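Participant: Below is one structure. I have some questions about it.
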Amino acid sequence: MTYLSPDGGAMSQQPSTLSRQMLDLQIALRRARLAELETGMIAACEAAALGARS
């Protein structure tokens, strides 16, 4: 498999384990942040719905 280097050139080897771990960490952090945002949005919607009924 061919991979692109940061400068756009082709590389025939796989990305290093360290760069893969960094990518995995960045993905995990973004997923955690999205989960926090989703929780906040759900809480705000539920509060708004309950407030509208009163």
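Rule-based calculations on the coordinates, nothing more; no lab input. Nothing here was measured: the structure is a model prediction, and the numbers come from that model. Backbone-built Cβ (ideal geometry, glycine too); neighbour counts: all protein chains shown.
Participant: Per-residue HN-Hα couplings for segment 20-27, Karplus 6.51 cos²θ - 1.76 cosθ + 1.60 at θ = phi - 60°, whole Hz, x for Gly and Pro?
Facilitator: Running phi through 6.51 cos²θ - 1.76 cosθ + 1.60 with θ = phi - 60° gives 5, 5, 5, 5, 4, 5, 4, 5 Hz.
Participant: From the phi angles alone, apply the Karplus equation (6.51, -1.76, 1.60; θ = phi - 60°) to segment 35-44 and give each ³J(HN,Hα) in whole Hz, x where the residue is Gly or Pro.
Facilitator: Values per residue, Gly and Pro as x: 5, 5, 4, 4, 4, x, 5, 5, 4, 5 Hz.
Participant: Using the Cα centre as the reference, give the magnitude of the dipole from point charges on the C-beta atoms of segment 15-54 (Lys, Arg: +1; Asp, Glu: -1; all else neutral), rounded to the nearest 20 debye.
Facilitator: Value, rounded to 20: 100 debye.
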